[in-house]
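Q: Structure in structure tokens, see below.
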Amino acid sequence: MIMAAIGCSSEDNESPSRRHRVDIPPPISENKLRRYSSCEKLLVGDSLNCARNDKITRMMVRNGESKVFFSDMVVKVNHRYKPQDRFLVITGKDYVIVSLLFSAPPSPEGSLYNLDPVTLKCKRRIAIMDVTHVSLSQFADNFFVVHVPGEYDYLYVSRRKTEIVSHLRNVYYNTTKQKLGVAIQNTIDYQVDKESKAIRRLEFKKGEDGVYTKIYAKK
């Protein structure tokens with residue numbers, strides 16, 4: 001059995017400026033334990049200024065998208081348990097403009113882009129309407145899984161997890177008029193490869209020093 005200890009996550013000590021703090025509605029359920037700091041989190045949105053990058057905006061135009069809702073550097077854990085830096089970008093159409101132009105607005109599509117942080121090459125584009133749900137643990141850690149059954153899933157690590165899930169749910173709802181599911185569980189199975197359909201298991205346990213996370217191949 002292959003096992004990989006990803007490590008221990010402690011509480012987030014981030015303290016954003018009070019004058020810019022806003023409340024984030026809980027994107028999940030009351031069963032999810034949240035950091036105190038995540039209740040008053042700084043909503044940054046497009047922190048990488050992707051909306052002003054010509055290469056990224058041309059990519060968006062090709063897919064019929066006009067707005068960047070979120071961007072940030074995250075860590076993606078690949079199928080070999082290797083952490084990789086990625087730019088995660090959530091895009092879609094400007095819903096205000098769409099509503100003004102159409103009395104019955106069409107369902108605007110959105111995308112989740114995984115970009116190489118050096119070259120900005122698109123490593124993968126996921127249509128948000130193809131995402132079935134997002135999985136989180138009950139603990140205040142930074143891990144989350146985006147499930148895409150028709151393809152394969154992604155395991156991410158980000159301290160802005162709450163904001164990412166919120167934007168995914170908003171874009172998904174504006175695309176499908178349905179709520180994006182969020183599964184809260186301390187054992188998460190996810191598919192890491194489309195061809196072999198290999199499954200990894202992600203387990204969380206609360207320890208004295210924080211939350212311990214373990215990944216291994218499920219038989």
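The values are calculated or read from the model by the stated rules, or taken from the named source; none is laboratory data. Everything quoted here is computed from the prediction, not taken from an experiment. Counting neighbours? That spans all protein chains shown, and the Cβs are built from the backbone with ideal geometry, glycine included. These area figures cover heavy atoms from the full protein model, side chains too; ligands, DNA and RNA do not enter into them. Shrake-Rupley method; radii C 1.70, N 1.55, O 1.52, S 1.80 Å.
Q: FRET efficiency for Lys123 and Lys218, Cβ-Cβ distance as r, R0 = 22 Å, nearest 0.05?
A: Computed FRET efficiency for Lys123 and Lys218: 0.35.
Q: In the full protein assembly as shown, how much of Ser158 is accessible to a 1.4 Å probe, in Å² to the nearest 10?
A: 10 Å²
Q: Now a separate question. If you take all C-alpha pairs in segment 68-219, what percent of them are over 19 Å apart?
A: Here the tail beyond 19 Å accounts for 55 percent of pairs.
Q: Where the accessible area of segment 145-219 is counted over protein heavy atoms with a 1.4 Å probe, how much of it, in %, is carbon and sulfur?
A: The nonpolar share, carbon plus sulfur, comes to 44 percent.
Q: Let me ask another. Given a cut-off of 23 Å, name the pairs among Lys123/Lys206; Lys82/Lys194; Lys67/Lys177 whose C-alpha atoms lie farther apart than that in the structure shown.
A: Long pairs (Cα-Cα over 23 Å): Lys123/Lys206.
Q: Still on this structure, I have one more. What does the charge count around Lys177 come to, taking other residues whose C-beta lies under 15 Å from its C-beta (Lys +1, Arg +1, Asp -1, Glu -1)?
A: Residues near Lys177 contribute +2 overall.
Q: Related question: Quick one: compute a quarter of the convex hull surface over the Cα atoms of segment 138-186 and quote it in nm².
A: Computed as one quarter of the Cα hull surface, the answer is 3.8 nm².
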